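Everything on this sheet refers to the single structure shown next.
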Amino acid sequence: MRPSVRRAILRGAGRPALALAAAWLMSACSSGPPKPQPAPLEPVVPLVEARQVWTQSIGPVDALLTPVVRDGQLALANAAGEVSVLDGETGRLRWRAAAGAPMAAGVGFDGRRVALVTRASELVVLTEAGVAWRQRLPARVFTAPLVAGERVFVLAGDRSVTAFDARNGARLWQQTSRGTEPLVLQERGVLTAVGNTLVAGIGGRMVGLNPDNGNIRWDVAVGRTRGATEVERLVDLVGRTGRDGDVLCARAFQVAIGCVDAAAGRLLWTQSADGATGVQADAERVYGTEANGRVIALARRDGARQWVNERLLHRGLSAPLAIGRSLAIGDAQGYVHLLARADGAMLNRLSTDGSAIVEGPLAVGNTLIAVTRNGGVFAWRPQ
């Protein structure tokens, strides 16, 4: 049983049921083989130079932190619920505010407002002036809120999607999932926007919603359930999505990678893939990291395998980021690896503070940024 499967809970369960679910999952996972050791790092001749331009420290962060870049700014929150908004080019602190409670999921950011969810299941929206409003949520949340179009959207662990007025916190609508899966992953799900369509991952399906009223516009299966047990049938869409115009590509947990035409609500293709992190897409390829540390590139047009890199096996790889001619990938030992987008060749390796890279590298213009579990924020400028 894969270690990542341990991050699952009973959908809509209370604390006693959660404890029983955790005990069951740990028992199911404990009999597996020993965890493989990370592949040793081979010497790398830097073929792409990357100069470190700034660093910051925000304090230890939660594993479910999703940093967000908007309008040249980087928004983050530490585990204690303190929000920092940094200038992406210089690292200068633009503003800071505190939610007043530990963070459970976040952050969402539209350039002015930052939204996060606390461990007490409270949605908190902050501005430069401090806390703007709070709203109690009926279920736990593992996915960062989306702040867009003067609304705040929340995808909860019961697979409901709720919209709030970003100005005052008034609840505008809620779309409740009709799914029957008893388990949900305690991982970042999919919640994003393509044009005027809100896109949410509901189980293994990508669902397009009208952001004004929550009505479903289209519903496409990216990954389908399989296996004999509830754990084996976990198939939530997870992590970052890769976007090329109206085409949105996503990973279904340990099952598949697929691409959808979000304008037409039509599945373009899906390919079997064993991984638990998000993907990146450009006009030619879709990039992802597999559970065993393989880095793969699939053709954006039809999902055909383009190349595979096996030099980073078992290193706990993050979601990838395409920047320039490189693909940047973080690992659990705090390194950022630069691979060639064309063929996966190793181009460079960048070091941080030795703690795991959270979510995956980001880009502000031509500045590459990585955030670590210890709260280090590191920025480089590849040549």
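Checking each residue in region 198-224 for being among the aliphatic types (A, V, I, L, M) and assigned to a strand (DSSP E or B) picks out LEU198, VAL199, ALA200, ILE202, MET206, VAL207, LEU209, ILE216, VAL220, ALA221. For region 362-381, the criterion of being farther than 29 Å from ALA77 by Cα and either in contact with a helix residue (DSSP H, G or I) (Cβ under 9 Å, 6 or more places away or on another chain) or basic (Lys, Arg) (or both) is met by none of the residues. Being touching a residue at least 40 places away in the same chain (Cβ under 8 Å), within 21 Å of PRO46 (Cα to Cα) and under 15 Å from the mean Cα position of the chain (by Cα) is a condition met by at least one residue of region 302-317. Counting only strands (runs of 3 or more DSSP E) wholly contained in region 113-171, no element carries 2 or more residues that are touching a residue at least 40 places away in the same chain (Cβ under 8 Å), outside the structural domain of ALA98 (by TED's automatic domain parsing) and surrounded by fewer than 15 Cβ atoms within 10 Å (Cβ to Cβ).
Check region 295-305 and report whether any residue there is closer than 29 Å to ARG373 by Cα and among the β-branched types (Val, Ile, Thr). Checking region 295-305: at least one residue is closer than 29 Å to ARG373 by Cα and among the β-branched types (Val, Ile, Thr). Filtering region 241-257 to residues that are buried (at least 17 other Cβ atoms within 10 Å of the Cβ) and in a strand (DSSP E or B) leaves THR241, GLY242, ARG243, VAL247, LEU248, CYS249, ALA250, ARG251, ALA252, ALA256, ILE257.
Do you know which of the residues in region 210-237 that are under 19 Å from the mean Cα position of the chain (by Cα) and modelled with pLDDT of 95 or more is surrounded by the fewest Cβ atoms within 10 Å (Cβ to Cβ)? If we take residues in region 210-237 being under 19 Å from the mean Cα position of the chain (by Cα) and modelled with pLDDT of 95 or more, then VAL222 is surrounded by the fewest Cβ atoms within 10 Å (Cβ to Cβ).
Remark: ALA22 matches the filter, which requires a residue to be in contact with a helix residue (DSSP H, G or I) (Cβ under 9 Å, 6 or more places away or on another chain) and either at pLDDT 50 or above or of a type in the set (A, V, I, L, M, F, W, C) (or both).
Within the set VAL308, VAL238, VAL286, VAL260, the sole residue that is part of a strand (DSSP E or B) and in contact with a Phe, Trp or Tyr (Cβ under 7 Å, 6 or more places away or on another chain) turns out to be VAL238. I want to confirm something. Restricting to region 318-361 and keeping residues that are outside any strand (DSSP E or B) and aliphatic (A, V, I, L, M), which single residue is farthest from LEU41 (Cα to Cα)? Looking at the filtered set, the residue picked out is ALA342. Return yes when GLY278 is in a loop (DSSP other than H, G, I, E, B) and under 17 Å from VAL222 (Cβ atoms) and no when it is not. Spelling it out, GLY278 is indeed in a loop (DSSP other than H, G, I, E, B) and under 17 Å from VAL222 (Cβ atoms).
The values are calculated or read from the model by the stated rules, or taken from the named source; none is laboratory data. Not measured: the values here are computed from a predicted model. Methodologically, a virtual Cβ is constructed for each residue, glycine included, from the backbone with ideal geometry; neighbour enumeration extends over all protein chains shown.
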